[in-house]
Every structure is written in C-alpha cells, then in structure tokens.
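Report on the structure given below.
The values are calculated or read from the model by the stated rules, or taken from the named source; none is laboratory data. Fair warning: this is a prediction, and the values are worked out from it, not measured in the lab. Cβ coordinates were reconstructed from backbone atoms using ideal geometry, including for glycine residues, and neighbour counts include every protein chain displayed. The protein model used for the area step is the full one, side chains on, heavy atoms only, and it has no ligands, DNA or RNA in it. Shrake-Rupley method; radii C 1.70, N 1.55, O 1.52, S 1.80 Å.
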Amino acid sequence: TTHCVVAYTELSSQRPQVELLRITQVTAPQQTESLAGLASFLYVPTSEEQTSGGLVVPGLPDYPTVNGAYARSHSAEAPERTIAAAKSWLCHSGVDRHAPLLPWESGPEVTKFSPVVACKLLLRQLVDTWQATFPDAPLAEQAVTLTVPASFDMAARELTREAALAAGLPANFILLEEPQAAVYHWLEQMGDNWRRS
C-alpha cells in the first residue's frame, strides 16, 4: 500500500521479460524524475503552488494533487496537506470512503478528497504515464491485472474497482491479491524447479 508499480510484458513472447514502467513524477519544485514506482502519497498544493507551475509533470495532465516522491518527501513539512497510505483508507469501514475527508484533520483551507478519489488520482497518473509511454498500445487494449493487499475485504475491493474504472483502466481488468501475485512471480522465477522447492 506504500507504492504503486506497473510491471508489463509481451504476452505473445515465448520467454516474456517483465519490465517496470518508469513513472515521471515531481521530486522537487521545477524538477521531475522517472522512477520505478509511485509512492502512494498525494500532496494538496496551495493555490500559489498550483499557479506557479513548478509542481507539474510535463506531458501529463494537471492533477489537483502532486503524487509520488515529492508528496512523500514533503509530508513531514506539510502533513496537513498530505494524504498518506491512500489505499489503506479504502479498508477503513469507520468512515464514509466516498466523503472528502483526506488529508485527515486538515483545515478548511485545504481541498479534501475521498479515499476513492485519492486512489483514482494515483491510478490516473499510472494510466496517463502508460498512454504517454506507449501511445500505440492503448491501455484499454491490454490485459490488465491490479493487485490489492490481502487485508482488503469485499468492500475495499469494490471501492478499488470503482477507483480503477474512474481512472481509466479497462472494464475487464483482473483484481488479484498481492500475496497470490508474489506466488506467481516466485513460480516464474523458479521455472521448472518449483516442484522440488
């Protein structure tokens, strides 16, 4: 729940090579880097920061939050403007997960987002990065699997599906528990020797 990572491979290949999508994100004002993962942190910029243009990823749409590395590193300085562990909020049955309540306990001057919208914003950046990287291979035409923590109950899974569809994932994507995905990865790494192990 602390990072979002996109792994991909050519399914028609005899020996598919799994690669990681580099996700361009803001790391400091006026600075972006392409990293192997997107930290599950969202920073709600001030109106001055929004108009300055210093917290924008070139080539991607403007988002109402700054997602990833900058949000994580800036969270200690501005916790009242930071949404941390956005995906974990989908499991919190004690709150209305469609209500704009994040960043938690922030003042009225900070725009708030629901846990579902926060997750949508993270996934939207992944979708937009895919589209910018592979313009000739629309995500809607890919076989997509989205993993969720094993701790997610049915409600959290359904909210994840809702956020994913709103972010632009194809309607036929597969929802898979992370531990099961880890077992599949292990099997792939072991090759034919997995039975002996």
- Phi-derived 3J(HN,Hα) across the stretch 111-127 with the Karplus relation (6.51, -1.76, 1.60, θ = phi - 60°), rounded Hz, x for Gly and Pro, is 5, 10, 10, 6, x, 5, 5, 4, 5, 4, 5, 5, 5, 4, 5, 5, 4
- Counting only residues 5 or more places away or on other chains, whose amide H sits under 5 Å from the amide H of residue 24 once H atoms are built in the peptide plane? 35
- Note on the structure: Counting only protein heavy atoms with a 1.4 Å probe and every protein chain in place, the carbon and sulfur fraction of the accessible surface of the stretch 11-166 in whole percent equals 53
- Share of Cα-Cα pairs in the chain beyond 31 Å, whole percent, is 21
- May I ask for the net charge around residue 46, where only other residues with Cβ less than 14 Å from the Cβ of residue 46 are counted and Lys, Arg are +1 while Asp, Glu are -1? -4
- Item | Integer Hz, Karplus 6.51/-1.76/1.60 couplings in order for the stretch 78-91, x for Gly and Pro | 9, x, 6, 10, 10, 9, 10, 6, 3, 5, 5, 5, 5, 8
- Query: What is the Cα coordinate range of the stretch 38-144 on the first, second and third principal axes, sorted by size from largest, in whole angstrom?
  - Reply: 43, 37, 20
- Between the alpha carbon centres of the stretch 169-195 and the stretch 70-148 the gap in Å comes to 24
- Considering only 118, 171, 71, give the residue with the highest GNM mean-square fluctuation for the chain, with springs between Cα atoms whenever their separation is below 10 Å. 171
- Hey, what's the stretch 66-197 come to in accessible area per residue, 1.4 Å probe, Å²? 54
